[in-house]
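Engineer: Structure below; questions to follow.
The values are calculated or read from the model by the stated rules, or taken from the named source; none is laboratory data. This one's a predicted model, so the numbers in the text were calculated from it and none came from an experiment. Virtual Cβ from ideal backbone geometry, glycine too; neighbours counted across all protein chains shown. Accessible surface areas use protein heavy atoms only, side chains included; no ligands, DNA or RNA. Shrake-Rupley method; radii C 1.70, N 1.55, O 1.52, S 1.80 Å.
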Amino acid sequence: MNELVLIAVPLVFAALAFVWPDERSRPRLLPVAGGLHVVGSCWLLVHPPEAAPGLWLGFDALAQAVLPMISLLFFICSLYAVAYLKVRAERRNRLFVFALLLLLAFLSLAIQAQHLGLLWVAAEAATLMTVPLIHFSGTARAFEASWKYLLVGGTGIALSLLGSFCLGYAALNAGGNGDLTFNALAAQFLPLTANPTAEAARNSHPWLVAAWVLLLAGYGTKMGLAPMHTWKPDVYGEAPGVVGALLAGGTTTMAFVAVLRVKQVLDSAGDGAMTRHTLLPFGLFSMLVAALFLLGSPDFKRMLAYSSVEHMGILAVGAGLGGIGVWAALFHVWTNSLTKGVLFLSAGNIRRAANARNVNEVSGMAWCAPQSSRMFVVGMFAITACPPFGPFFSELLLMRTAFQYHNTLTAVTFLGCLLLAFLGLTRQVFAIVDGRPRAAARAMGHRFRETNGVILPPLAFLGLSLWIGLATPPLLTQAWTAAVQLLLPAS
Amino acid sequence: MTNALNLFIGLAIGLNLLALASSRLPSVIRAAALQGMVLGILPLLLERQFQWLVGLVSVGTIAVKGFVIPHLLRRALRAANIDREVRPLIGFVPSLLLGAAATIGAVALGGVLPLQHEHADSLLVPGSFATVVAGFLMLMGRTKAISQVCGYLILENGIYMFGLLLLHLTLLVEAGILLDLTVAVFVIGIIMDRIQKEFDSLDTNKLTALRE
């Protein structure tokens, strides 16, 4: 079994979906491909392939630490997508199914990419594949969101390309042999730390700084760190819930992996202090901005976008703390993505039942869509780090790490932002769920049936969020530890 | 060799300024297309011996940046029935002045940054930075979707120019970038088409439904 399977399976199914003639049975290809992908990535997690140095692609420790999560996320989302596309039978689904499968293929490629350029090409392709998913509804608002996503995302990805070239040039100046795989880059820069005043070090340092700034801005845009987060509320507000879940858990994770891989190279070059001192403020600023917007946003799907910005901030803080912080961040990648699945899918149900998105127009959803509302409320408590769900454990570990590293300011700001976010989220969620339903929603609520197809997937996410927190499998904790060791600068 | 190279890079910088100063959309598209073709010639000048892969990237660049993408944009232009950028956010003269200032700044910056010996005389680094800034100015300062796409293309051209410094390392990557860019413009074209149908205009100032 080879790591290429994880890329080939979705590609083959994408091609199959493209030529599949029947609209009604085509969505069923999604769970089949997703199921095979889960089996493949779990198999590879248990029997990791030999990582050969110098290859452009490999299922290394970092890929092992996050890719199984993306497989799981995609599989459960694909089950929901089957039910969703049945409800939306008026829209043609060929492009949607095709793009979803290609997105999975490119995410698998980007996360396994060991080469600076290949990572960029895969990340760009994944960005492009999300565009047809965002405007699936075909409304004017959806096209506006797609346009803004294309412009902001495209510029971000262009900046990261420039950053990649700067990093390549820094390697040339450091006397590199032209090998742009991450491990080779890290090895090329390592001698510089021993003698920072040597000519090679002086010649490559300005390029390294430029590379870090551009790459952080570029991949940070993809992650949705403030102030580059502006596309997020528009896109999450307009995209179908299932796409929102995949974006919030999948593409952002890919961007975070890219940041971690670049950080590994910079840390080996002796610029660890710079990466830490930029990631920490970026993370805290994102958390603060998100928390403030959460207090005021009237649209409950846009609210989820700000929650995602907040959690990307948490990941950046973890990466900025370093050491155990990175471990906690990888843990948080899992807990956040799985919990976001609950929220996006149940919010999608509520949105359909209410036929409105604004807090002022939606109320009494506990009456119209009781099961989705229940899951939405429980999911909200889970994402705001209430025990016993996963995010509680990962965020607790992050807090403890901050105190352990004597970074009290970070810990206090972190807690304050979490509290603000909790206030904002609870206020809105209960405004939607409680009260008397509007007349229009009552009529709509009768039309929207909470079938097993739209209820069981978010319930599965809720179960996974509980499981990952209470009984983290040792296989995963080992994978995260191995990933942290991989990312530490070799000495 | 360096002289010919610098001549072409100078031409590309001139095309930046032309695109920034022009209010007519067809001439902006033409400037971006010409710039793409100029960039396609550069890899051939950089290599002392002819390699088939370099030749392939070169031909691919000229075909995609010089013909395919401009053709898609012109078609969008005809469908939307517009010709001019009216009321840009940053006026034509200010953006021209900013672009010129950025070019001077880029030359100064290129002098400060530590370069490899063989790149010391070439204008690749300043040209690349000047082009990136010009692209950004167009991306932010214009309101018509087509001008913004041209800005994005010019930004991309600047990055491509920078990539030439690493030509022998990243040939395959350049090919991947070209492929991505083609798909990107294809997707952009479709979205523009839909925006045109929904809003009956390609004026991005009308995209205001989504805000806090």
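Engineer: Can you name the residue in the stretch B:112-124 that is touching a helix residue (DSSP H, G or I) at 6+ places or on another chain (Cβ under 8 Å) and of a type outside the set (A, V, I, L, M) and is also farthest from the other protein chains (Cβ to nearest Cβ) among such residues?
Structural biologist: Taking the candidates together, the pick is B:Asp121.
Engineer: Starting from residues that are in contact with an Asp or Glu (Cβ under 8 Å, 6 or more places away or on another chain) and assigned to a loop (DSSP other than H, G, I, E, B), keep the ones in the stretch B:166-207 and report whichever is modelled with the highest pLDDT.
Structural biologist: If we take residues in the stretch B:166-207 being in contact with an Asp or Glu (Cβ under 8 Å, 6 or more places away or on another chain) and assigned to a loop (DSSP other than H, G, I, E, B), then B:Leu207 is modelled with the highest pLDDT.
Engineer: Report, by residue number, each residue of the stretch B:6-45 that is in a helix (DSSP H, G or I) and among the small types (Gly, Ala, Ser).
Structural biologist: The answer is B:Gly10, B:Ala12, B:Gly14, B:Ala19, B:Ala21, B:Ser27, B:Ala31, B:Ala32, B:Ala33, B:Gly36, B:Gly40.
Engineer: Could you tell me whether any residue of the stretch A:327-349 is assigned to a helix (DSSP H, G or I), open to solvent by 30 Å² or more (accessible area, probe 1.4 Å) and within 30 Å of A:Arg261 (Cβ to Cβ)?
Structural biologist: Yes, the stretch A:327-349 contains a residue that is assigned to a helix (DSSP H, G or I), open to solvent by 30 Å² or more (accessible area, probe 1.4 Å) and within 30 Å of A:Arg261 (Cβ to Cβ).
Engineer: Please work out which one of (1) open to solvent by less than 50 Å² (accessible area, probe 1.4 Å); (2) not in a loop (DSSP other than H, G, I, E, B) is the condition B:Pro114 fails and give its number.
Structural biologist: B:Pro114 satisfies all of (1) open to solvent by less than 50 Å² (accessible area, probe 1.4 Å); (2) not in a loop (DSSP other than H, G, I, E, B) except (2).
Engineer: On to the next question. Within the stretch A:329-340, does at least one residue satisfy the condition of being within 14 Å of chain B (Cβ to nearest Cβ) and in contact with a His (Cβ under 6 Å, 6 or more places away or on another chain)?
Structural biologist: no
Engineer: Would you mention how many residues in the stretch A:433-449 are open to solvent by less than 40 Å² (accessible area, probe 1.4 Å) and modelled with pLDDT under 85?
Structural biologist: Within the stretch A:433-449, residues that are open to solvent by less than 40 Å² (accessible area, probe 1.4 Å) and modelled with pLDDT under 85 number 5.
Engineer: Also: Quick check on my filter: what residues within the stretch A:32-72 are part of a helix (DSSP H, G or I) and open to solvent by 10 Å² or more (accessible area, probe 1.4 Å)?
Structural biologist: Scanning the stretch A:32-72 gives A:Val32, A:Gly35, A:Leu36, A:Val38, A:Val39, A:Cys42, A:Trp43, A:Leu45, A:Val46, A:Ala61, A:Gln64, A:Leu72.
Engineer: If you don't mind, there's one more thing I want to ask. Where residues in the stretch A:148-167 are over 21 Å from the mean Cα position of the chain (by Cα) and facing another protein chain (nearest Cβ under 7 Å), which of them is farthest from B:Leu166 (Cα to Cα)?
Structural biologist: For the stretch A:148-167, the residue satisfying everything is A:Leu162.
Engineer: If you scan the stretch A:453-491, which residues turn out to be open to solvent by 70 Å² or more (accessible area, probe 1.4 Å) and at pLDDT 90 or above?
Structural biologist: Hits for the stretch A:453-491 are A:Leu456, A:Leu459, A:Trp467, A:Leu470, A:Pro474, A:Leu475, A:Gln478, A:Gln485.
Engineer: Here's something else I'd like to know. Does the stretch A:307-340 hold any residues that are farther than 18 Å from A:Ile70 by Cβ and in contact with a Ser or Thr (Cβ under 6 Å, 6 or more places away or on another chain), and which are they?
Structural biologist: Within the stretch A:307-340, A:Val309, A:Gly313, A:Leu321, A:Ile324, A:Gly325, A:Ala328 meet the criteria.
Engineer: Being in contact with a His (Cβ under 9 Å, 6 or more places away or on another chain) and under 21 Å from A:Ile70 (Cβ atoms) is the filter; apply it to the stretch A:227-251 and report the residue that is farthest from the other protein chains (Cβ to nearest Cβ).
Structural biologist: Going through the qualifying residues, I end up with A:Ala248.
Engineer: Based on this model, can you work out whether B:Ala102 counts as out of contact with any strand residue (DSSP E or B) (no Cβ under 8 Å at 6 or more places or on another chain), touching a residue at least 60 places away in the same chain (Cβ under 8 Å) and within 27 Å of B:Ala184 (Cβ to Cβ)?
Structural biologist: Taking the combined requirement at face value, the residue does not satisfy it.
Engineer: If only one of B:Val149, B:Val93 is part of a helix (DSSP H, G or I) and over 17 Å from the mean Cα position of the chain (by Cα), which one is it?
Structural biologist: Among B:Val149, B:Val93, only B:Val93 is part of a helix (DSSP H, G or I) and over 17 Å from the mean Cα position of the chain (by Cα).
Engineer: I've got another one for you. Could we say that A:Leu288 is open to solvent by 10 Å² or more (accessible area, probe 1.4 Å), more than 26 Å from A:Cys77 (Cα to Cα), touching a Cys at 6+ places or on another chain (Cβ under 7 Å) and in a helix (DSSP H, G or I) here?
Structural biologist: yes
Engineer: Same structure, new question: Suppose we filter the stretch A:8-31 for residues that are within 21 Å of the chain's Cα centre (by Cα) and either open to solvent by less than 20 Å² (accessible area, probe 1.4 Å) or at pLDDT below 95 (or both); how many remain?
Structural biologist: Within the stretch A:8-31, residues that are within 21 Å of the chain's Cα centre (by Cα) and either open to solvent by less than 20 Å² (accessible area, probe 1.4 Å) or at pLDDT below 95 (or both) number 2.
Engineer: Another question, then. Test A:Leu101 against the criterion of being open to solvent by less than 10 Å² (accessible area, probe 1.4 Å) and either touching a helix residue (DSSP H, G or I) at 6+ places or on another chain (Cβ under 8 Å) or more than 13 Å from chain B (Cβ to nearest Cβ) (or both), and give yes or no.
Structural biologist: Taking the combined requirement at face value, the residue satisfies it.
Engineer: So, of the residues in the stretch A:73-92 that are open to solvent by 10 Å² or more (accessible area, probe 1.4 Å) and among the small types (Gly, Ala, Ser), which turns out to be nearest to A:Gly348 (Cα to Cα)?
Structural biologist: The qualifying residue nearest to A:Gly348 (Cα to Cα) is A:Ala83.
Engineer: Residue under question is B:Leu139, and the condition is that it be among the hydrophobic types (A, V, I, L, M, F, W, C), closer than 20 Å to B:Ser27 by Cβ and in a helix (DSSP H, G or I); does it hold?
Structural biologist: Answer is yes for this residue.
Engineer: Could you please find all residues in the stretch A:299-326 being farther than 17 Å from A:Met380 by Cα and outside any helix (DSSP H, G or I)?
Structural biologist: Listed by number, the residues that qualify are A:Gly322, A:Gly323.
Engineer: Of these, B:Val64, B:Val28, B:Val57, B:Val38, which one is farther than 30 Å from B:Thr143 by Cβ and open to solvent by less than 30 Å² (accessible area, probe 1.4 Å)?
Structural biologist: Exactly one of B:Val64, B:Val28, B:Val57, B:Val38 is farther than 30 Å from B:Thr143 by Cβ and open to solvent by less than 30 Å² (accessible area, probe 1.4 Å), namely B:Val57.
Engineer: For the stretch A:168-180, does any single residue satisfy the condition of being more than 10 Å from every other protein chain (Cβ to nearest Cβ), farther than 30 Å from A:Asp234 by Cβ and in a helix (DSSP H, G or I)?
Structural biologist: no
Engineer: Just checking, which of A:Ala145, A:Ala123 is touching a residue at least 24 places away in the same chain (Cβ under 8 Å), crowded, with 24+ Cβ neighbours inside 10 Å and facing another protein chain (nearest Cβ under 7 Å)?
Structural biologist: A:Ala145
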